[in-house]
1. Take the residues in the stretch A:624-641 that are small (G, A, S) and either open to solvent by 20 Å² or more (accessible area, probe 1.4 Å) or near RNA strand B (Cβ under 8 Å from one of its atoms) (or both), then tell me which one is nearest to the chain's Cα centre (by Cα).
2. Mind checking which residues of the stretch A:652-670 are in contact (Cβ under 8 Å) with a residue 24 or more places away in the chain and closer than 12 Å to A:A759 by Cα?
3. Output yes when any residue across the stretch A:180-200 is aromatic (F, W, Y) and within 23 Å of the chain's Cα centre (by Cα), and no when none is.
4. Quick one: which of A:E200, A:E230 is surrounded by fewer than 20 Cβ atoms within 10 Å (Cβ to Cβ), within 14 Å of RNA strand B (Cβ to nearest atom) and not in a loop (DSSP other than H, G, I, E, B)?
5. Return the total of residues in the stretch A:705-745 being near RNA strand B (Cβ under 9 Å from one of its atoms) and crowded, with 16+ Cβ neighbours inside 10 Å.
6. Quick check on A:Q722: is it within 20 Å of A:D9 (Cα to Cα) and either modelled with pLDDT of 95 or more or touching a Gly at 6+ places or on another chain (Cβ under 7 Å) (or both)?
7. Exactly one of these conditions fails for A:H574: (1) within 22 Å of A:D83 (Cβ to Cβ); (2) touching an Asp or Glu at 6+ places or on another chain (Cβ under 6 Å); (3) modelled with pLDDT of 95 or more. Give me its number.
8. Looking at the structure I just gave you, is A:D754 more than 45 Å from the chain's Cα centre (by Cα) and farther than 20 Å from A:R20 by Cα?
Amino acid sequence: MADEIPVYDPAAVEQKWRTRWHERGTNSVDLAGPRPYYALMMFPYPSAEGLHVGNLFAFTGNDIFARFQRMQGHTVFEPLGYDAFGIHSENYALKMGVHPTELIPRNIANFRRQLERGGLMVDWRHSVDTTDPAYYKWTQWVFLQLLRRGLAYKKKAAVNWCPTDKTVLANEQVIAGACERCGTPVEQRTLEQWFFRISEYAPRLLENLSWIDWSETTKAAQRNWIGRSEGAEIVFLAPLGGDRPPDPNENAAVLDSAEIRVFTTRPDTIFGATYLVLAPEHPLVPAITTTGQRPAVSAYRARSTKQDLVTRRVSREKTGVFTGAYALNPASNTLIPIWIADYVLMEYGTGAIMAVPGHDERDFEFATAFGLPIVRVVAGDGEEAHSPLAVPFTDNENGRLVSSGEFDGLSVRDGSQRIVAKLAARGAATVVVNYRLYDWCISRQRYWGPPIPVVYCDLCGMVAVPEADLPVRLPYLENFKPDDSGVSPLARDESWYIAPCPECGKPARRETDVSDTFLDSAWYFLRYPSTDRDDVAFDPALTKTWLPVDSYIGGNEHAVLHLLYSRFITMVLHDAGMLDFEEPFQRFRAHGHIIRDGAKMSKTHGNVVNPDVYMDQWGADTLRAYLMFLGPYQEGGDFRDQSISGVRRFLDRVWSSVAQMRDDGEPQEEVTRKLQQTIRKVGEDIPRLSFNTAIAAMMEYVNVLRRGERTPQRAEVEPLVQLIAPFAPHVAEELWERMGHVASVFDSSWPAFDARLAAEDTMDLPVQVRGKTRGTVRVPRDIAQADAYAAAMATPAIAKFVTGEPTKIVFVPGRLLNIVL
RNA sequence: GCCGGGGUGGCGAAAUCGGUAGACGCACGAGACUUAAAAUCUUGUGGGGGAAACCCCAUGCGGGUUCGAUCCCCGCCCCCGGCACCA
C-alpha cells in the first residue's frame, strides 16, 4: 500500500467478485455440511418488467440474515426459484401476443441476471421453475396424493367467475366481491370443479398458530380467515303440511314435522328468537312452504340464486319472503314464523338461523323492514328490563338475561351454558364449533398451468394418471386464449385430450382443467434440496436434514393464500407418513413494503424504482445497504433518492479506513470499546431483522474510528469488514482480500464479543431532581448511592435545584439518581 | 363492526422488564481546504424565550398510576393491513 489511496469503484469490485464467487463456488452449499440452516424467501413471479426494488428489498433482508448465519458456523441453504405459471403470465403473454413458453424463459434470464447482480448468496444449482415439466411432474404427484387420500374431490359448485379473466377464482382471490387481479365484479356460476378438503384441517391450522414462531400480523390474518366461532346447534320443529297457522294448543309433536337446525353463537338469547330465517337454497324450503306462499317463495328463490355475489354482498338491503310455516321455539314454547332471506348463507353453519332482532343488527334490520316482533332478553346494569330498543343491544360483557324464565339474571356466558345444557338434555341442542374456511377450489379453466392428472373413461369412470406416467405435459397450443364457455382451452386440442385409459387402454378423455398456481407454490420449499432427484418429489434423507424451514421471509400479501395452503399440503403429506413435521415454516417474518413519495410503486404513479439504474449509479452494495437502512425491515419505508448518498458515504469511509490501515501499533482503548459494543449490537440486531439499527451502529463506530487525525489499526478495521459483509458482500470481500486474506470473508467466523473490552469503568450518571433531569456526573460505574449523591451535590448546576432536605432518594445503579424533595 | 399493527423534529427514523426523548442518516446553516466549484473534513441544528448563564414547552388528544411515563392503566381521535349479512 503506497501513498496513493485506491478509489472505491463499485462496478469493478462487484464484477470481480461475481466472477470470483462463481469460480470458487462460494455460494454452492454442501448439503451434507454441518449445522444445516434453511433460510428461505418467497420465490418471485418473473415478470416481464424485471426485478422490482421491492423484490430486492425482501431478498436482501433474507440474504443478510443467511450470510450472518453462515458466519456463525452454519451450513446455510439459500435457494431461489421462479413461480412462473398462472394467470399473470398468461394475461401478459396474451397482451403482448407472445407465447408464454417464449416469454417465461426470457423473463427468467433477466431476473437471474438482476438477482446475481444484487449479490445474493443463492445456490443456483438448486433452483426451481414451476413451469418446468421436471417440477410440475411433482405438483401433479402432490395432487394425486390428495386424490388418493380422499382430500381432492370434484363437485358441481357455485363458484366465483371472473368475466374478464374468464376463470374461476378461489374465495381468497375475491376481494369485496371483485376479482383481486382485475377488479371486475365477480359472478356466480355453477361448474364442475376440483376442490381440496382444507376445511377438514381448519382446527389444526388454527391451533398450530399458537406455537409457531410467526409475525403476529400474519397469524392474525390467518385466524381471521379460518374464522372459528363457538356456539350451538339448536333444533326447531316445524309442523308440516298445514296451509294455515297451526293452533298453538294443538300438540305439535304428533304432527309430522321438519327438524330445522340452526347455528347460533348466542344461545342465551333464544327467548328473543321471534322468527327463523333459512337461506333461499335451503333444502327444507320446498317441504315447509305452504301452498299459498309457494309462488312468492319460488320467485324469491329463483331471483336470489341467479343474483351474482356482488349484488348480494354489496347491497345490504334486507329482502326476504315468508314461507307460511311456523316453528316451535324450544325454549319459550311459542310458535314463530319461518322466513327465507338471502342474508342467510347456505355455505355457513346450517344455512338457517334463529333471528333475535333485539340483539343482532341484521335481524333487527330485517324485523324492522318486515314488521316482525322485537323482544328484549338482555339488559345492561341498572337498565329497565323492558325498556324498548331503538337499536339492538349487543353489550354481552355487562348484559343480564331478562324475560327468559328461569334464566333471568344470568350473564350472557352463564345463560348460554345453562340454556344449551337444558336443551341438550332433551336432544334439542348440541355444542358446536364452526369455521369460516371453505374448501380450496383448485381447478382453473385456463391454459398456463399444470394439467390435472386425471382421465375420464366411459368404462372405468374417473381414473388417476399413474405416477409412473407423470408428467402429463402441457401441450403447446397456438391459441390459448380463454373463452366464455367455462371450459379450458386444452379442450380444443383433441390430439392431446384423447388418451388411452390407464386401466382398460380404451380411448378416454383427459381432464382439461389445470391446477391453481397456489398449488405450485404450496410445496416448492420441499423440492429445493432435492432438485437433483428425478425419481422422487423430495428425498427422504435430505428432507430430514433440511426441513422444516428454519427461517422464512416474505410479504404479508401471502398471509392467507400461500402460507395457509403450504401449511395444509405439509399436514397432508405428514399424515400420509411422508414428512415427520406438520408445520413447514418454524419461523416466519413478514417484511414491509417499499413505497416512494408516499405511494405504492406503480407504473401509473410513475414512481417505480428500477434496481439496475441505482446499481449503475451507486453500486449494488450501496443499494442493498440503503434499502436496509431506510426503515425497519418488517415495516418497510419510503425510498428517497436523496438519502442513498449517506449510505454510500459510509461505505466510502469504510473503504478508506482499510486503505489507510496500518499494522504497527496498538488499537486505541476508546475505539476498541466502541468496536466491542458494535459487535454485540450488530449480532443482536441481525437475528431480529433490525437491519436499520445495525447499520446505524456501524456508522457510529466508523464515526468514532475516524475521529481525529489518527490512522486506523488492523485490529480496529478487520472486524468492521466482517460486520459489514452481510450487508455489502462485494466490497467486504474486496477489503478482506486487500487485508491479506485468501479465503472468503464468509468463511471467516463472526467476530467474538468480549465483554471485558466493552466495559467502561466510569459513566455519566444522569441526575434528576424531582424527576427532572438536571445534569450528569462522571462517576465510577459501580458507585454506591451515598457517593453518587455526594457527587451530585458537589456539582453546582445540579445542587442549586436541591432547595431543601430530600425526602427520598431513588438510586438505580448504573442508570440514574433521582433526588426527591 | 371485529381482529392485528402504528401515530415521536423539516424528512426517514432511534430509544419500550418505566430511568438523560430524538441515536444514525438526509436536508439545511457555519467554517476549513480550493482561483472557484464539486468531493472531503470540522461544527451546529426539536419548538419557544433570553445578550448569556440558563429557563419553559414537547413523543396523536384528555385523564390516571409513579420519585420518574414515548413505554403501564382508563376514555377518545386518526392512519395502515386482515375479515365481514359468517349468525
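The values are calculated or read from the model by the stated rules, or taken from the named source; none is laboratory data. Every value quoted in this text rests on a predicted model; they were computed, and no experiment measured them. Note that each Cβ is placed from the backbone with ideal geometry, even for glycine, and that neighbours are counted across all protein chains shown. Side chains included, ligands, DNA and RNA excluded: accessible areas come from the protein's heavy atoms. Shrake-Rupley method; radii C 1.70, N 1.55, O 1.52, S 1.80 Å.
1. Here is the first cut: in the stretch A:624-641, the residues small (G, A, S) are A:625, A:631, A:636-637.
Going one step further and asking which of them are either open to solvent by 20 Å² or more (accessible area, probe 1.4 Å) or near RNA strand B (Cβ under 8 Å from one of its atoms) (or both), we end up with A:631, A:636-637.
Values: A:G631: 21, A:G636: 16, A:G637: 19 Å.
Top of the filtered list is A:G636.
2. A:E670
3. Start the filter on the stretch A:180-200 by keeping residues that are aromatic (F, W, Y), which leaves A:194-196.
When the remaining residues are screened for being within 23 Å of the chain's Cα centre (by Cα), the result is A:195-196.
Yes, the stretch A:180-200 contains at least one residue that is aromatic (F, W, Y) and within 23 Å of the chain's Cα centre (by Cα).
4. Details: A:E200 fails: within 14 Å of RNA strand B (Cβ to nearest atom).
Going through A:E200, A:E230 in turn, just one is surrounded by fewer than 20 Cβ atoms within 10 Å (Cβ to Cβ), within 14 Å of RNA strand B (Cβ to nearest atom) and not in a loop (DSSP other than H, G, I, E, B): A:E230.
5. Residues meeting the conditions: 1.
6. Numbers: within 20 Å of A:D9 (Cα to Cα): yes; either modelled with pLDDT of 95 or more or touching a Gly at 6+ places or on another chain (Cβ under 7 Å) (or both): yes.
Criteria met by A:Q722.
7. Failed condition: (1).
8. Details: more than 45 Å from the chain's Cα centre (by Cα): no; farther than 20 Å from A:R20 by Cα: yes.
When the stated conditions are applied, A:D754 does not pass them.
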